[in-house]
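Here the structure comes first, spelled out in structure tokens, and everything after it is commentary.
We did not get these values from a lab; they are worked out from the coordinates using the rules stated. Bear in mind that the values here come from a model prediction, so they are computed numbers and not experimental data. Note that we place each Cβ from the backbone using ideal geometry, even for glycine, and neighbour counts take in every protein chain shown.
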Amino acid sequence: MTRLLLLTVLSVFCVAAHAGPQINVGTVYDYLDGDKSTYLKRVFNSGDSTAFVKVNVLEIVYDADGTPREIPIETSADKASRDGLMASPARLIVPAQGMQGTRLLYMGERDRERYFRVRFVPVVPEKEDEFVVGNEEREDYKKTLSAGVNVMTGFGTIFFVRPKDARFETAIHETDSRYELRNNGNTVLVLDEFKSCSLSKETDCGATTKHHVMAGKSYSFDKEKGREYRFKLIEGERKQDMRVVSR
């Protein structure tokens with residue numbers, strides 16, 4: 001998995017926590033299949049006041065040495081639309097104990113896989129934010145928040161757009177001491193719920209992790225004697241339970 005996808009996707013935005021909005025966006029990783037162009041992402045608010053949420057989208061690209069960068073979405077060649085992913089609406093007003101959704105729409109060629117960072121940022125509404133809120137309501141909201149210290153938490157997610165003709169081809173190479181899984185397809189595959197456990201002591205297990213193996217890349221690990229490695233190999237809709245034992 002690349003360095004960028006290993007970055008922590010949770011970021012905290014502090015403002016002037018007794019009360020306030022508390023948003024949740026569900027899964028951190030989302031995938032748009034090759035035959036789909038839209039994806040509904042739901043934002044939940046378990047707090048006791050309304051959440052005003054901005055949705056920001058950047059594309060993740062990689063330099064020749066594999067270094068990831070986040071860049072703005074460009075317009076298409078005809079200037080009529082954006083070339084990439086956009087959120088509609090990009091401003092959400094989520095009521096307390098409620099939910100709102102934004103539709104992530106992909107426009108552009110589907111000859112290769114593309115990656116996007118989608119950020120959901122709670123804010124205090126200002127006139128320039130384009131929220132449909134009157135001046136009086138805006139000021140009342142600010143007064144409510146100022147009654148205590150509020151921590152408003154934003155989330156960053158990773159969005160994978162698969163190519164139109166997505167193809168999965170997983171090659172496994174195993175020796176007595178090492179296990180390697182290579183992605184020879186053209187779209188990302190997932191190793192989910194990856195865990196290493198002792199064969200002799202049931203409670204001796206490592207942390208459960210998730211790994212993305214991008215097209216043309218590999219994931220491998222050393223096999224420690226007396227342990228087993230369990231994970232789910234996910235290739236789009238296909239899921240397969242895997243178990244690797246080293247005695």
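Can you figure out the FRET efficiency of residue 48 with residue 135, using R₀ = 25 Å and their beta-carbon distance, to the nearest 0.05?
Details: r = 23 Å, r/R0 = 0.93.
So, using R0 = 25 Å, E works out to roughly 0.60.
One decimal place: the segment residue 71-residue 238 gains 56.9 nm when fully extended, by the rule 0.36 nm per residue minus the C-alpha distance.
Electrostatic bookkeeping for residue 226 treats Lys and Arg as +1 and Asp and Glu as -1; over the other residues with beta carbon under 12 Å from its beta carbon, the sum is +2.
Between residue 112 and residue 197, the distance separating the two model label sites (each 7 Å from Cα on the Cα→Cβ line) works out to 4.1 nm.
Straightening the chain between residue 172 and residue 29 buys 49.0 nm, computed as 0.36 nm per residue apart minus the Cα-Cα spacing. The charge dipole of segment 170-246, taken about its Cα centre with unit charges on the Cβ atoms of Lys, Arg (+1), Asp and Glu (-1) only, comes to about 60 debye. Once the C-beta distance of residue 56 and residue 36 is scaled by a Förster radius of 25 Å, the resulting FRET efficiency is 0.70 to the nearest 0.05.
Checking the a/c ratio against 1.5 first, then a/b against b/c, what shape does the Cα gyration tensor give for segment 170-246? The shape class here is prolate.
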